[in-house]
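K.L.:
Before we start, here is the structure in question, set down as structure tokens.
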Amino acid sequence: MRKIVTFFLGLLILALMLGAIAGAAAIYDAARNIKIETYFFQPNNLSVRRVGVPATVADLGADKIRQMLVEKYLTEYFYVIPDVANIEARMQSNSTLARMSTPDVFRQWQELEGELILKLAEEGAFRTVRLVDKIYKPVDSDYWTVVYEMKTWYHPNDMAEEPVITRDVLYMGLGDENMMDFRQKLDVAKYLEEGQDPAAIFRFGITAIGRQMD
């Protein structure tokens, strides 16, 4: 009986091997030298979305750089994760937000928005923020108009919770005369090698920030 079982088991293994060989032959035809070629597609000019040499500052242009830096600033200004240490690090004088702000603007954020998001983090809240459209500067104004939208989840571990969606406008003063230049007193190569935020290497700074009063 054992010999019969062993015989049929051998036939089963042989059938599986033949099936595997047939499958491999269907994928790779050695006689005709057919093989699969791999290609990478480039969805846009930003290095985070493609494989290859990053686009240069000159390639992107001043308008695109400004838009990207304001979007980064907006994120640093408002986002919340349930991690108090994250908020405390952002409130330090060497943080990305501090480097991208004048001292008065950063102090204003620490005392107002910074304290608010610290409280939210302590309560386990989570918030995302996005730029709604391109920023623009009206002809008769010294400030850029920035429309943004926030989604805030106030209760941790509640999968059924719907986020509270808030849309508002900020008015920003941008000291961007030499925005596309790097900071003169910063060792850019060393700074980036240390894993620091690339947004802070530009001579870009928010000189004033406010909301429209009702």
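The values are calculated or read from the model by the stated rules, or taken from the named source; none is laboratory data. Nothing here was measured: the structure is a model prediction, and the numbers come from that model. Positions of Cβ are backbone-derived with ideal geometry, glycine not excepted, and every protein chain shown enters the neighbour counts. Surface accessibility is based on the protein's heavy atoms, side chains included, excluding ligands, DNA and RNA. Shrake-Rupley method; radii C 1.70, N 1.55, O 1.52, S 1.80 Å.
K.L.:
So, in the range 142-170, of the ones that are β-branched (Val, Ile, Thr) and under 14 Å from residue 126 (Cα atoms), which residue ends up nearest to the chain's Cα centre (by Cα)?
P.N.:
152
K.L.:
Related question: Looking only at the range 147-159, how many residues end up being among the polar types (S, T, N, Q) and either exposed (fewer than 11 other Cβ atoms within 10 Å of the Cβ) or without any contact (Cβ under 8 Å) to a residue 24 or more places away in the chain (or both)?
P.N.:
1
K.L.:
Note down all Cβ pairs under 6 Å where the first residue falls in the range 127-146 and is closer than 27 Å to residue 116 by Cβ, the second is assigned to a strand (DSSP E or B) and open to solvent by 100 Å² or more (accessible area, probe 1.4 Å), and they're at least six residues apart or on different chains.
P.N.:
145/136
K.L.:
Which of (1) part of a helix (DSSP H, G or I); (2) open to solvent by 40 Å² or more (accessible area, probe 1.4 Å) does residue 105 not meet, given it meets every other one?
P.N.:
So residue 105 meets the others, but not (2).
K.L.:
So, residue 105, is that one β-branched (Val, Ile, Thr) and under 20 Å from the mean Cα position of the chain (by Cα) or not?
P.N.:
Answer is no for this residue.
K.L.:
Are any residues in the range 55-71 outside any loop (DSSP other than H, G, I, E, B) and open to solvent by less than 60 Å² (accessible area, probe 1.4 Å), and if so, which ones?
P.N.:
Matches in the range 55-71: 57, 60, 62, 65, 66, 67, 69, 70.
K.L.:
Here is a further query. Return the pairs, sorted by first residue and then second, in which the second residue is modelled with pLDDT of 80 or more and open to solvent by 20 Å² or more (accessible area, probe 1.4 Å), the first residue lies in the range 203-214 and is of a type in the set (S, T, N, Q), the beta carbons are less than 6 Å apart, and the residues are 6+ apart or on different chains.
P.N.:
That search, which allows pairs on different chains as well, returns 207/102.
K.L.:
Within the range 176-195, can one find any residue that is within 18 Å of the chain's Cα centre (by Cα) and either surrounded by fewer than 12 Cβ atoms within 10 Å (Cβ to Cβ) or at pLDDT below 95 (or both)?
P.N.:
Checked against the condition, which is being within 18 Å of the chain's Cα centre (by Cα) and either surrounded by fewer than 12 Cβ atoms within 10 Å (Cβ to Cβ) or at pLDDT below 95 (or both), the range 176-195 yields at least one hit.
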